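To start, the structure itself, in C-alpha cells.
The values are calculated or read from the model by the stated rules, or taken from the named source; none is laboratory data. In this text the structure is predicted, and so the values were computed from the model without any measurement. FYI the Cβ positions are ideal-geometry reconstructions off the backbone, even for glycines, and counts take in every protein chain you see. The area values use the complete protein model at the heavy-atom level, side chains included, leaving out ligands, DNA and RNA. Shrake-Rupley method; radii C 1.70, N 1.55, O 1.52, S 1.80 Å.
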Amino acid sequence: MSTLGTADRRFPRAGGVIVPAALRELCRASRVLAVDADTDSLSADERHRLARDVVRAVSRNAHRLRQEVLLAPLPAPEIMLGALVLDDRTRCALERLRPSLAHVNAWSIERYLRLPKFGAHCLVDLLAAREEAARGSPGERALASAASRPPMRGVRREPPFDARLADEISALLVRRAPFAGADAGALLVEAGLATRPLSLRELAAGYRSLNLPLPIRIARHGGVDVAVPAGTVGVATSVIATAVRFVADWGMATVESIGDRVRALRATSVAREIAARVVV
C-alpha cells in the first residue's frame, strides 16, 4: 500500500473516511448534507465538498459534542504519528508539539482539541485516519479474518496480548521500527509485554479485535520482510530493493548511496536513520 504521495495523505484521502463515527451525530445535528451517504459513490468534488462541510460543522459546534464522546480515550500523539497516514497539516501540528506532550498520559478528543493550532480539520483528519487504519487494506482484512476464525473444537484460544498494554506495545513497535518482521514477537517478550513470541498474524488479530490501528506495516522484497512504521512502506521497499541490488552488483552498499538512489527514483527524502536500520 503506497502512502507516500501528497495526494494519498491529504484529507479526504481517496477511498478513505470522510465522516468519522465519533462526529456523525454532530454532523447530523448540523445538517451536513450527505452525512449518511455512501461516500464511495461520490465524485472527487463531492467528497471534497462533504469534507469541507464536516470540518466546518465541527469547527462551529465542537462545544456541542457529548461528554462521553469528548472523553473517549484515544492513543497518544506519538502512536498516532507512527501508526497513521495523516494530512500534512495534522502531522505538522503534532510533530511541532511532540517534545511538550511526552508527560501527558491520558488522551481524548477533548485533550486533542486543547492543543495549540490543532483545530477542527486536524481532529477530523486524525479520527478519519484512525478508522482507515483500523479498516486496513484488503490484504490486512484477509489476514485479520483468517486470524479471527473460530478455533478448532477442544482448543482454547487465548488473547494474543493484554488489551491494557496496547498503547505501550504500539509505542514500542513504532520506536523500534524498522526491524525484521520475524523479530516482532521477540521484542515484546524482551520488553515484558508478552509471555511468548507473537507472530505478526497474532498481533494483527489482536489489534483488529480491539478496533485499534496496527502501528506497523510490512515491506516485502525478494523474500525479505521488514516491519516499518505505517506510511513508510513505499520508501522502505525501495530501500530494500536498492540495497539488494547494490550488494549484488558491487558487493556493498552505503546509506548515502542508497539514499541518493531512492531520492532520485521516488522524488522524496529518505531519513538516514530509517535507511540505515532497514539496510541492517
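If you go through the range 18-33 and keep only what is over 20 Å from A134 (Cβ atoms) and not hydroxyl-bearing (S, T, Y), you end up with L26, R28, A29, R31, V32, L33.
Could you say whether any residue in the range 34-45 is part of a helix (DSSP H, G or I) and under 13 Å from L127 (Cα atoms)?
Looking for residues that are part of a helix (DSSP H, G or I) and under 13 Å from L127 (Cα atoms), one finds none in the range 34-45, hence no.
Contact map, the range 47-72: residues that are closer than 11 Å to A120 by Cβ and open to solvent by less than 80 Å² (accessible area, probe 1.4 Å) paired with residues that are among the hydroxyl-bearing types (S, T, Y) and at pLDDT below 90, Cβ distance under 9 Å, separation 6+ or inter-chain. Pairs shown: V54/S30; A57/S30; V58/S30; N61/S30.
Being open to solvent by less than 30 Å² (accessible area, probe 1.4 Å) and closer than 23 Å to A29 by Cβ is the filter here; which residues of the range 73-114 pass it? L74, S108, I109, Y112, listed by residue number. Picking from residues in the range 115-127 that are out of contact with any Lys or Arg (no Cβ under 8 Å at 6 or more places or on another chain) and in a helix (DSSP H, G or I), the one that is surrounded by the fewest Cβ atoms within 10 Å (Cβ to Cβ) is L127.
Can you pull out the helices (runs of 4 or more DSSP H) entirely within the range 132-198 that have at least 2 residues that are at negative phi, modelled with pLDDT of 60 or more and open to solvent by 60 Å² or more (accessible area, probe 1.4 Å)? Spell out the reasoning first.
Details: elements: 138-147, 166-176, 184-190.
Those helices (runs of 4 or more DSSP H) span 166-176.
Here V35 meets the list (1) at pLDDT below 85; (2) β-branched (V, I, T); (3) within 23 Å of the chain's Cα centre (by Cα) almost entirely, failing just condition (3).
Cβ separations smaller than 7 Å between residues 6+ apart or across chains give no pair from the range 154-170 residues that are more than 24 Å from D183 (Cβ to Cβ) to residues that are crowded, with 16+ Cβ neighbours inside 10 Å and modelled with pLDDT of 80 or more. Cβ-Cβ distances below 6 Å connect the following pairs, each with a first residue in the range 75-101 that is among the hydroxyl-bearing types (S, T, Y), a second residue that is part of a helix (DSSP H, G or I), and a separation of six or more residues or different chains: T90/C122; T90/D125; T90/L126.
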